[in-house]
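Let me begin by presenting the structure, written as structure tokens, before commenting on it.
The values are calculated or read from the model by the stated rules, or taken from the named source; none is laboratory data. Model, not experiment: these values are computed from the prediction. Cβ coordinates were reconstructed from backbone atoms using ideal geometry, including for glycine residues, and neighbour counts include every protein chain displayed. These area figures cover heavy atoms from the full protein model, side chains too; ligands, DNA and RNA do not enter into them. Shrake-Rupley method; radii C 1.70, N 1.55, O 1.52, S 1.80 Å.
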Amino acid sequence: MPKKAERETERPPDAASPGKKARRKSVLWREIPEPKGAHAARVEEGGDGGFEPRIVAFACNWCSYPAADAAGISKLQYPPNARIIRVMCAGRIHPGFVLRALELGADGVLVSGCHFEDCHYLFGARRAAEQFEKTAEIVRMLGIGPERVRYEQISAAEAPKFAKVMHEFVEDVKKLGPSPLAGATGELEVPEAVSEETT
Amino acid sequence: MAAAEEGVDLREEMADALKKSRALLCYECGKCTGICPVARFDRSFSPRSLLVKAVRGEDAALVDDVNVWSCLTCKLCDARCPAAIDYGLLTKTVRAFVHHEGGEGTCTHGGAVQALMRIMTTKELEQDRLSWVDDSIDVSKTGDTIYFVGCAPYFDVVFSETGAKTLDSAKGAIRLLNAAGVKPMLLPNERCCGHDLLWNGDVENFRMLARENLRMIEESGASRVVVSCPEGYATMKVDYPRVFGDLGFEVVHLTELLAEAIDGGSLTFAGNGETTVTFQDPCRLGRHMGIYDAPRAILSAMPGVTLVDMPHSRERAICCGVGGWMNCTSFSKMIQAARLREAKATGASTLVTACPKCEIHLKCALNDQTLKDEVQLEIADLWALAASRLG
Ligand code: SF4
Ligand code: SF4
Ligand code: FES
């Protein structure tokens with residue numbers, strides 16, 4: 001129970017006179033410790049040669065996802081760094097999705113949809129391109145390397161293109177090294193495989 | 001996003017905020033709900049019922065209540081409450097509590113803005129955010145004054161489809177500073193001020209942003225930080241000292257600096273056609289910080305510009321409809337439509353905003369073609385407008 005004098009302080013918070021010493025450091029307002037520098041830890045752990053980028057790939061259900069499938073069926077080799085997230089249309093991929101993936105520790109994010117004239121929902125692919133333009137500009141300003149995000153149009157018939165894009169993208173991101181954001185504010189958790197029991 | 005800290009119990013904070021905000025003195029007159037712009041359209045929302053839940057300590061009910069996030073934090077209810085209850089403080093604390101307990105509001109823009117802000121807490125970040133600086137503005141590498149740009153470079157991209165040009169606003173602000181004889185420094189790696197995360201209840205990430213900004217300002221050796229964004233201003237002037245104590249530099253709002261320069265005769269405007277304008281008081285500048293006259297002094301100093309105030313202006317101004325990128329709903333659109341109609345009824349042809357978010361939100365409302373045809377209003381940013389009329 002605070003002393004009476006304390007209780008009678010006038011309305012402090014929003015009308016508080018600035019510049020004065022904070023009255024008291026409460027739990028909510030106390031200083032927090034320095035962040036741990038997760039970036040440094042990850043660079044160390046990966047070493048220079050051993051860095052394997054974590055890639056998130058948003059792939060449209062009607063084109064790029066089947067292309068990835070076809071690449072698998074045709075036994076085309078490509079690096080396994082990407083976790084593919086299937087979406088119904090690349091037009092759904094708002095900058096928020098890409099930023100969230102980066103925030104949670106992705107080293108690179110690929111958005112792959114249909115060619116403009118092929119989009120299952122007519123204007124979705126154009127929307128995807130517009131959205132991506134914004135995403136790319138934001139990422140450029142953040143200074144983490146514009147090559148960390150990539151937009152592609154890969155139709156269901158272009159399995160070799162899918163494999164080629166994966167090769168290139170993983171190489172590009174490897175050159176950039178781990179994202180400075182990786183693990184700084186959260187942790188990207190990707191389940192290895194969904195087992196029977198958990199479904 | 002930082003996980004809830006172990007062993008930290010915010011219940012004590014809540015008890016403290018209940019006392020400091022005087023919430024226990026509420027006599028349930030209902031005036032807050034009566035005047036609230038959200039409650040006017042959204043019948044499920046009542047600030048009073050939130051207050052009652054907080055007073056009764058119904059924690060679980062608070063965590064589940066979507067209405068915790070519906071408030072615009074405009075402080076209109078504060079101005080009206082006969083018991084002088086500080087809803088601003090109460091809401092801030094309730095949200096921090098709910099956030100800590102795992103509750104989350106719905107981010108309007110797919111969480112893009114919040115993600116961007118949390119990303120900026122990264123220490124190692126080296127942004128490239130000043131590529132818009134060109135010959136039209138004069139900035140310096142050293143000096144005693146910093147112009148805090150705020151999130152304008154990012155907003156300009158994220159909200160491009162609303163037609164809001166937040167960078168024109170920032171450039172205008174710097175041109176005005178130049179005209180007033182100030183050549184400001186810009187921080188190349190400035191972070192978000194943290195305003196939105198703070199009002200979203202994410203106090204921890206707010207503090208990280210604040211600390212990065214304070215560190216950079218200290219390293220720059222500046223003794224004065226000029227802010228044009230009302231939210232950045234309120235946050236730096238009130239919330240930063242609350243966390244970090246004495247800042248060691250002065251925080252000034254651009255309106256104050258310019259109004260002084262106009263008074264002293266060092267800043268003049270030239271005529272550039274006759275126009276009638278009305279002014280949207282930003283909640284942060286007005287009710288939060290008590291600045292009403294300075295922006296009006298700037299408008300009145302422009303030859304040919306006539307200012308007509310709306311019936312709801314100054315202390316009674318109505319918010320632009322969304323706060324902290326959290327609560328854009330059809331009700332926001334109703335609030336905005338009502339506000340734009342009110343602006344139109346003054347006979348003004350231009351509604352002047354002084355906050356990037358007011359500009360974004362009100363321009364977004366004009367994406368509704370029917371409303372646009374009906375009100376036929378221009379929306380102009382104060383800094384861009386004033387800079388275009390410099391003598
Ligand atoms: S206006 Fe003030 S006293 Fe009246 S119900 Fe609202 S908080 Fe309580
Ligand atoms: S701050 Fe504004 S939006 Fe929030 S309850 Fe009060 S009047 Fe309503
Ligand atoms: S359906 Fe593939 S991008 Fe729209």
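Can you confirm whether segment B:22-30 contains a residue that is at positive phi, away from every other protein chain (no Cβ under 14 Å) and touching a residue at least 24 places away in the same chain (Cβ under 8 Å)? The answer is yes; a qualifying residue exists.
Within segment B:302-319, the set of residues being touching an Asp or Glu at 6+ places or on another chain (Cβ under 9 Å) and among the hydrophobic types (A, V, I, L, M, F, W, C) comprises B:305, B:310, B:317, B:318. Checking each residue in segment B:366-388 for being in contact (Cβ under 8 Å) with a residue 40 or more places away in the chain, surrounded by fewer than 18 Cβ atoms within 10 Å (Cβ to Cβ) and not hydroxyl-bearing (Ser, Thr, Tyr) picks out only B:367.
Across segment B:88-95, not a single residue is classified as under 12 Å from residue B:14 (Cβ atoms), away from ligand 2 (no atom under 14 Å from the Cβ), open to solvent by less than 50 Å² (accessible area, probe 1.4 Å) and more than 10 Å from chain A (Cβ to nearest Cβ). Consider segment B:55-84 and keep the residues that are in a helix (DSSP H, G or I) and within 11 Å of ligand 1 (Cβ to nearest atom). The one that is surrounded by the fewest Cβ atoms within 10 Å (Cβ to Cβ) is B:55.
Let's see how each residue does on (1) within 25 Å of residue B:326 (Cβ to Cβ); (2) in a helix (DSSP H, G or I):
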residue	(1), (2)
A:80	no, no
A:86	no, no
A:97	yes, yes
A:102	yes, yes
A:134	yes, yes
A:147	no, yes
A:151	no, no
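Look through B:310, B:216, B:302 and report the one residue that is over 23 Å from residue B:170 (Cβ atoms), away from chain A (no Cβ under 13 Å) and either of a type in the set (A, V, I, L, M, F, W, C) or assigned to a helix (DSSP H, G or I) (or both). Sole residue among the options that is over 23 Å from residue B:170 (Cβ atoms), away from chain A (no Cβ under 13 Å) and either of a type in the set (A, V, I, L, M, F, W, C) or assigned to a helix (DSSP H, G or I) (or both): B:310.
Of A:168, A:117, A:130, A:147, all but one fail to be surrounded by fewer than 22 Cβ atoms within 10 Å (Cβ to Cβ), free of Cβ contacts under 8 Å to residues at least 60 places away in the same chain, within 19 Å of residue B:127 (Cβ to Cβ) and away from ligand 2 (no atom under 16 Å from the Cβ); the exception is A:147.
When each of B:110, B:143, B:163, B:150 is tested for being among the small types (Gly, Ala, Ser) and loosely packed, with under 15 Cβ neighbours inside 10 Å, the lone residue that passes is B:163. Residue check: residue B:352 meets all listed conditions (1) crowded, with 23+ Cβ neighbours inside 10 Å; (2) part of a loop (DSSP other than H, G, I, E, B) but one, namely (2). Of all residues in segment B:11-28, those satisfying the criterion of being within 9 Å of ligand 1 (Cβ to nearest atom) and under 20 Å from residue B:67 (Cα atoms) are B:23, B:26, B:28.
Annotation: of all residues in segment A:153-164 being touching a helix residue (DSSP H, G or I) at 6+ places or on another chain (Cβ under 9 Å) and in a helix (DSSP H, G or I), the one that is nearest to the other protein chains (Cβ to nearest Cβ) is A:162. Looking at segment B:109-123, is at least one residue within 19 Å of the chain's Cα centre (by Cα), part of a loop (DSSP other than H, G, I, E, B) and on the phi > 0 side of the Ramachandran plot? Looking for residues that are within 19 Å of the chain's Cα centre (by Cα), part of a loop (DSSP other than H, G, I, E, B) and on the phi > 0 side of the Ramachandran plot, one finds at least one in segment B:109-123, hence yes.
This table checks each residue for (1) in a helix (DSSP H, G or I); (2) open to solvent by less than 50 Å² (accessible area, probe 1.4 Å); (3) within 30 Å of residue B:342 (Cβ to Cβ); (4) touching a strand residue (DSSP E or B) at 6+ places or on another chain (Cβ under 6 Å).
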| position | (1), (2), (3), (4) |
| --- | --- |
| B:239 | yes, yes, no, no |
| B:243 | yes, yes, no, no |
| B:246 | no, no, no, no |
| B:251 | no, yes, no, yes |
| B:255 | yes, yes, yes, no |
| B:260 | yes, no, no, no |
| B:267 | no, yes, no, no |
| B:271 | no, no, yes, no |
| B:278 | no, yes, yes, yes |
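Reported count of residues in segment B:106-143, each being hydrophobic (A, V, I, L, M, F, W, C), within 12 Å of chain A (Cβ to nearest Cβ) and over 18 Å from residue B:205 (Cα atoms), is 2.
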